[in-house]
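Written below as C-alpha cells is the structure these notes are about.
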Amino acid sequence: MLWLSILFASILAVNCNSVEESFKFHGVVPDVIPEAPNQLLKVTYNNGLVAKDGVELTPTQVKDQPVVEWTAQPGEYYALIMTDPDAPSRAEPKFREFKHWVVVNIPGNDLSKGDVLAGYVGSGPPKDTGLHRYVFLLYKQPGKLQFDGQRVSNRSRQGRPKFHVAKFAEHHQINELVAGTFYQAQYDDYVPTVHAQLSGN
Ligand SMILES: *[C@@H]1O[C@H](CO)[C@@H](O)[C@H](O)[C@H]1NC(C)=O
C-alpha cells in the first residue's frame, strides 16, 4: 500500500514537472489554448512566491504585479498576457475569459518598456465560485506591431470580460507561444478591494 502511494506520488510529480502536462491536467489545454508551450515562464510574486503548476495562491498574495522573467532572443519583441478562463466560475464560465494583464511590444525581456494594453489586476474570484485558474502566456511577436484601441488601466474593467487570448493572438498574428505558467486562487477577504479598484475608469 505504501509503495503504491509512493509510486503514485512520483508519477504525479513527474507529470507536473512539465508545463505541457500541468496545462493538460488542469484543463488549461483546451479551455484557454489548443496546445501548451513547452517552456515554463518564471512568475514570482512578493515574498518569493512562484506561480507554477497550478499552485494555490491567495488574492492577497497576488495583489501586486509579479516579476516575470524569460530568456529573450536578441532584437525580438514579446507579448505577455494573463487571463482567467473561470469567470465567474470554472463550472459556469459565461464570461470566459477575464483579461488580467496584457503587455505587448516588449523589447527583449524588459517588461517595463512594453506597451501596457491592460494594466495588471490581481485575482478577484467571487465568493463561492471555487478555484479559478490564472494563466500567463508569453508569445514572441513577428516584430514590432501596431496595436490600436484604448489602453485600459488597472482601475478599469473595460474590455476585460469575454476576452479570448487565443483569438487575440491569432488576430495579431502572434503565433509563437514561447512559455507559460499558471496558479489557482479562490476568494479571500482581499477580493472586495480588487472589485472596488476596478470600479474606476
Ligand atoms: C495601478 O497602476 C498604478 C500605475 O501603474 C500603480 O502605481 C499602482 O500601484 C497600481 N495599483 C495596483 C493595485 O496594482
Kindly check whether there is at least one residue in segment 165-179 that is within 16 Å of the ligand (Cβ to nearest atom) and within 17 Å of the chain's Cα centre (by Cα). no
What tally of residues in segment 59-90 results from selecting those that are of a type in the set (A, V, I, L, M, F, W, C) and in a strand (DSSP E or B)? 6
Condition check: of a type in the set (Val, Ile, Thr) and part of a loop (DSSP other than H, G, I, E, B). Does residue 129 satisfy that? yes
Of the residues in segment 72-124 that are of a type in the set (Lys, Arg) and within 16 Å of the ligand (Cβ to nearest atom), the one that is surrounded by the fewest Cβ atoms within 10 Å (Cβ to Cβ) is 113
Reported set for segment 154-180 where residues are over 11 Å from residue 83 (Cβ atoms), out of contact with any Phe, Trp or Tyr (no Cβ under 8 Å at 6 or more places or on another chain) and surrounded by 16 or more Cβ atoms within 10 Å (Cβ to Cβ) is 156, 157
Output the qualifying pairs, or none if there are none: Cβ atoms under 7 angstrom, residues six or more apart or on different chains, first residue in segment 185-200 and under 20 Å from residue 90 (Cα atoms), second residue among the small types (Gly, Ala, Ser) and near the ligand (Cβ under 10 Å from one of its atoms). 194/122
Give the residues of segment 125-135 that are more than 16 Å from the ligand (Cβ to nearest atom) and either under 20 Å from the mean Cα position of the chain (by Cα) or under 20 Å from residue 30 (Cβ atoms) (or both), sorted by residue number. 125, 126, 129, 130, 131, 132, 133, 135
Output the residue which, of all residues in segment 52-71 that are within 16 Å of the ligand (Cβ to nearest atom) and among the aliphatic types (A, V, I, L, M), is surrounded by the most Cβ atoms within 10 Å (Cβ to Cβ). 62
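No value in this document is a laboratory result; all are computed from the given coordinates. Bear in mind the structure is a predicted one, so any value in this text is a computation, not a measurement. Positions of Cβ are backbone-derived with ideal geometry, glycine not excepted, and every protein chain shown enters the neighbour counts.
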